[in-house]
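Student: Questions regarding the structure given below will be posed in turn.
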């Protein structure tokens, strides 16, 4: 969720752009059926890489994410949760998931809370960079659901059991990305020269 109405994609913008271009694919609008990741199953197969450090926050994020998957009709029996010591280790866990061939998306959850030293900057930055690298190297969606906050209070607000829970947002992003990549794989993008 954004903090300003000015940053929200305007209503009808996707449709307006689709009318102007040759092809437009929207993962939020793609039906989960068909071929590709998660097809023929009860939703995408999700792996969670979760940080134990600040684990109370991680637990709240994971609960929100699992609620979204359950409400979307995903079989929670196909979900795998792996616990890493902290956020710095999440990219390696995500890499193992993404390279396994057993999942369609990885959701990384945790919290890095600023302290009095520069440790925060290194951990948060390297965690984000590592997660991005896994996603680009494997072609598997790896969702950054790691809170980077200035205080525990900010982390608690972002992990409340409500619509603003960033774990919920991460799960919605994972579902949308699996659908989008599946649609792109099924030929929604024209070949060069078409």
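The values are calculated or read from the model by the stated rules, or taken from the named source; none is laboratory data. These figures come from a predicted structure and were not determined experimentally. Because the Cβ atoms are built from the backbone with ideal geometry, glycine has one as well, and the counts that use them run over all protein chains shown.
Student: Given (1) modelled with pLDDT of 80 or more; (2) surrounded by 14 or more Cβ atoms within 10 Å (Cβ to Cβ), identify the lone condition not met by residue 29.
Tutor: Unmet condition: (1).
Student: Same structure, new question: Counting only residues that are more than 16 Å from the chain's Cα centre (by Cα) and either on the phi > 0 side of the Ramachandran plot or assigned to a loop (DSSP other than H, G, I, E, B) (or both), how many does segment 114-142 have?
Tutor: 5
Student: Additional query: Of the conditions (1) under 24 Å from residue 156 (Cα atoms); (2) in contact with a helix residue (DSSP H, G or I) (Cβ under 6 Å, 6 or more places away or on another chain), residue 118 clears all except one; give me its number.
Tutor: (2)
Student: State yes or no: is residue 57 under 14 Å from the mean Cα position of the chain (by Cα) and at pLDDT 95 or above?
Tutor: Numbers: under 14 Å from the mean Cα position of the chain (by Cα): no; at pLDDT 95 or above: yes.
So residue 57 does not fit the description; no.
Student: Within segment 133-145, how many residues turn out to be exposed (fewer than 14 other Cβ atoms within 10 Å of the Cβ) and in contact with a helix residue (DSSP H, G or I) (Cβ under 9 Å, 6 or more places away or on another chain)? Write out each step before concluding.
Tutor: Let us first name the residues in segment 133-145 that are exposed (fewer than 14 other Cβ atoms within 10 Å of the Cβ), namely 136-137, 139.
Now drop any that are not in contact with a helix residue (DSSP H, G or I) (Cβ under 9 Å, 6 or more places away or on another chain), which leaves 137, 139.
Selection size over segment 133-145: 2.
Student: Specify which of the listed residues (118, 110, 101) is in contact with a strand residue (DSSP E or B) (Cβ under 6 Å, 6 or more places away or on another chain) and either free of Cβ contacts under 8 Å to residues at least 40 places away in the same chain or surrounded by 13 or more Cβ atoms within 10 Å (Cβ to Cβ) (or both). If you could, list the steps in order and put the result at the bottom.
Tutor: Values: 118 fails: in contact with a strand residue (DSSP E or B) (Cβ under 6 Å, 6 or more places away or on another chain); 101 fails: in contact with a strand residue (DSSP E or B) (Cβ under 6 Å, 6 or more places away or on another chain).
Checking each option against the conditions leaves just 110.
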